[in-house]
Amino acid sequence: MVSMITRLRTAAAKRAAYNQTVREISSLPREMAWDIGIFREDAEKIAWRHVYGR
């Protein structure tokens, strides 16, 4: 039972980190995103790799 609760908490924390990362990347000014070599349109893909490592 404890293991299941731990897994749920971990999954919720990862999802929150994913959502936060998507919001942050999406809100970058386009020029700043280009300067650091990313496209805001790729925010979901970048966030997924950052949080879940796949």
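Summary table below
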item: Residue pairs meeting the criteria (Cβ under 9 Å; at least 6 apart or on separate chains; first within 15 Å of Glu41 (Cβ to Cβ), in the stretch 16-29; second part of a loop (DSSP other than H, G, I, E, B)); result: Ile25/Ile38; Leu28/Ile36; Leu28/Ile38
item: Val2 being surrounded by 12 or more Cβ atoms within 10 Å (Cβ to Cβ) and not small (Gly, Ala, Ser); result: no
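Rule-based calculations on the coordinates, nothing more; no lab input. None of these values were measured; they are calculated from a predicted model. Note that each Cβ is placed from the backbone with ideal geometry, even for glycine, and that neighbours are counted across all protein chains shown.
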